[in-house]
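So the structure is just underneath, and the comments pick up after that.
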Amino acid sequence: MSDPDTLAYYSASVDRYRDLVAADFHAADRDRFLDGLPAAARLLDLGCGPGFDAARMARAGHVVEAWDAVPEMAAAADAAPGVTGRCARFDDLQARGVYDGIWAAFSLLHAPRTALPDHLTAIHRALRPGGRAYVAMKLGHGESRDRLGRLYTYVTEEELLGMLSDAGLTVTATRTGTAKGMAGRDDPFLSVFADA
């Protein structure tokens with residue numbers, strides 16, 4: 001994420017965002033993501049926000065890094081026991097074969113559409129063979145700003161599944177639903193599980 005207005009919004013909204021994610025509407029997805037991983041798996045929460053999911057993964061006994069482009073979000077994640085928070089952008093993911101799992105829950109939707117293929121390829125490259133990825137994005141078309149000024153890239157199911165396949169990832173499961181975000185709208189979304 002590099003859009004200055006989106007970054008500024010999240011920088012000023014750490015507590016509000018923490019309250020929103022505390023509803024934990026994708027707990028079942030997180031449980032499915034963690035199921036069957038090796039003990040003390042090395043995980044990356046990419047675009048972690050205040051580290052809500054990262055903290056729960058660490059509590060489950062995993063070694064968790066949590067990255068966010070907003071310094072305040074990364075600091076909040078770093079404060080969680082067992083989580084190593086880092087202020088980093090999607091472009092900073094240059095690792096090769098080091099993670100057992102990468103969790104990107106509603107974070108890549110703030111990346112420009114043209115950058116999504118490269119980010120998904122970087123996720124695949126950073127996973128160990130047989131590693132697991134989770135990507136959740138809002139469904140729709142094009143790019144636009146919400147009423148809070150945040151820049152969003154929307155995808156169709158066919159589009160996201162195609163990009164994941166092109167990146168070298170094998171989709172193993174999907175889930176669609178709707179959820180209310182910070183802007184107060186019920187938006188349709190797609191969650192995808194994929195293996196390296």
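The values are calculated or read from the model by the stated rules, or taken from the named source; none is laboratory data. The structure displayed is predicted, hence computed values, not measured ones. Positions of Cβ are backbone-derived with ideal geometry, glycine not excepted, and every protein chain shown enters the neighbour counts.
The table for this structure:
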{"item": "Single unsatisfied condition, Gly149 versus (1) closer than 25 Å to Leu44 by Cα; (2) surrounded by 12 or more Cβ atoms within 10 Å (Cβ to Cβ)", "result": "(1)"}
{"item": "Residue match in the range 30-45 (condition: among the acidic types (Asp, Glu), within 22 Å of Glu143 (Cα to Cα) and either outside any helix (DSSP H, G or I) or at pLDDT below 95 (or both))", "result": "no"}
{"item": "Cβ-Cβ under 7 Å pairs, at least 6 apart or on other chains, the range 55-76 side closer than 18 Å to Phe106 by Cα, far side surrounded by 21 or more Cβ atoms within 10 Å (Cβ to Cβ) and hydroxyl-bearing (Ser, Thr, Tyr)", "result": "Val70/Tyr10; Met73/Tyr10"}
{"item": "Failed criterion for Glu159 (all others in (1) more than 27 Å from Ala27 (Cβ to Cβ); (2) free of Cβ contacts under 8 Å to residues at least 12 places away in the same chain hold)", "result": "(1)"}
{"item": "Residue, farthest from Ala122 (Cα to Cα), within the range 33-64, restricted to residues that are out of contact with any strand residue (DSSP E or B) (no Cβ under 8 Å at 6 or more places or on another chain) and of a type in the set (D, E, K, R)", "result": "Arg59"}
{"item": "Test: residue in the range 118-127 that is assigned to a strand (DSSP E or B) and at pLDDT 95 or above", "result": "yes"}
{"item": "Among the residues listed as Thr114, Thr174, Thr121, the single one being under 20 Å from Asp31 (Cβ atoms), over 14 Å from the mean Cα position of the chain (by Cα) and among the hydroxyl-bearing types (Ser, Thr, Tyr)", "result": "Thr174"}
{"item": "Index of the failed condition, Gly168 passing every other in (1) more than 16 Å from the chain's Cα centre (by Cα); (2) in a strand (DSSP E or B)", "result": "(2)"}
{"item": "Residues located in the range 171-196, provided they are outside any strand (DSSP E or B) and either in contact with a helix residue (DSSP H, G or I) (Cβ under 6 Å, 6 or more places away or on another chain) or surrounded by 14 or more Cβ atoms within 10 Å (Cβ to Cβ) (or both)", "result": "Gly181, Met182, Ala196"}
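Residues checked against (1) more than 13 Å from the chain's Cα centre (by Cα); (2) surrounded by fewer than 22 Cβ atoms within 10 Å (Cβ to Cβ); (3) of a type in the set (A, V, I, L, M, F, W, C):
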| position | (1), (2), (3) |
| --- | --- |
| Val63 | yes, yes, yes |
| Ala66 | no, no, yes |
| Ala75 | yes, yes, yes |
| Pro81 | yes, yes, no |
| Gln94 | yes, yes, no |
| Val98 | yes, yes, yes |
